[in-house]
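All of the numbers you see were taken from the coordinates with simple rules; none came from a lab. These figures come from a predicted structure and were not determined experimentally. Cβ placement follows ideal geometry from the backbone for every residue including glycine, while neighbour counts extend to all protein chains displayed.
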Amino acid sequence: MRISCCFVPMFYKIVLTLIILLANQPEKQITNLSTETMEKKDIIYVFDAHCGWCYGFSDVILHFAEKHKNEYNFKLLSGGLITGERVGPIGAMSDYILKAIPNLEKTTGMKVGQAYIDVLKDGTRVQNSLIPAKALCVLKEMLPDQEIMLAHKVQELQFVEGKDLQDQVTYIDLCKELGLSADDFLMKFESSEYEQKAQHEFAQSSAWGIRGFPAVVLDRGDTLLAMSNGYTNLSSLEEKLLIAENFKE
């Protein structure tokens, strides 16, 4: 099933798709939006730790989450950009990424570190979305309500500092920085439970029809609306939120 975008021309295509989508998720509780006691709605950030445009989007989503943290719960979902046959040395994509970096920096204002550029030029480092996704499943549990910050921290480790997201030492260092127990992290990280959680997130992203990252989804309780699919700036994201909140069936 697909999740529909909340752009005005797409509005009339949304309702049937999302009703079917939610009907296939019996565990999901539909929120009564008319009640005074309703809980905060969720805004779901679908990203991948290896996605350069997600790194470029970091400043936008961090500011957006900070502004709206009292109105919404911000959730992080890993999308699984590099899995299966795509897993392999970064050298297969190095030329493409190196050529894309100037445009990414100009468009987003985010800077890529020389350490990461050196990794690209070397080309031997293996990329696999499962490892950082699993690490984030653990970190999200250890540090609730900080999911957007955690996504940014993990991406900084790679795109600025050039660290290896396949190496558990990278996350041990992050735990120390965040004041978290490295032993607790490792115990969970090495269990199959968190690999299953990561795989479930990949499956959820795929079931929603999300093929591009970053993506932002508003869960209104009765409907799911895609506010963005691909990089967008802060003012555009604010506009999409207003449109989504005011959408009437």
message: Can you pull out every residue in the stretch 95-116 that is over 17 Å from Ile61 (Cα atoms), of a type in the set (A, V, I, L, M, F, W, C) and in contact (Cβ under 8 Å) with a residue 24 or more places away in the chain?
response: Ile97, Ala100, Ile101, Val112, Ala115
Residue among Gln155, Gln204 that alone is in contact (Cβ under 8 Å) with a residue 60 or more places away in the chain, in contact with a strand residue (DSSP E or B) (Cβ under 9 Å, 6 or more places away or on another chain), surrounded by fewer than 19 Cβ atoms within 10 Å (Cβ to Cβ) and within 24 Å of Phe64 (Cβ to Cβ): Gln204
- request: Mind listing whichever residues of the stretch 181-201 are out of contact with any Asp or Glu (no Cβ under 9 Å at 6 or more places or on another chain), small (Gly, Ala, Ser), free of Cβ contacts under 8 Å to residues at least 12 places away in the same chain and in a helix (DSSP H, G or I)?
  value: Ser192
- request: With the condition kept exactly as written, say whether any residue in the stretch 170-177 is in contact with a strand residue (DSSP E or B) (Cβ under 7 Å, 6 or more places away or on another chain) and either more than 21 Å from Phe202 (Cβ to Cβ) or part of a helix (DSSP H, G or I) (or both).
  value: no
message: Looking for something acidic (Asp, Glu) and surrounded by fewer than 19 Cβ atoms within 10 Å (Cβ to Cβ) - is there at least one such residue anywhere in the stretch 224-242?
response: yes
- request: Return the only residue of Lys163, Lys134 being among the basic types (Lys, Arg) and out of contact with any Phe, Trp or Tyr (no Cβ under 6 Å at 6 or more places or on another chain).
  value: Lys163
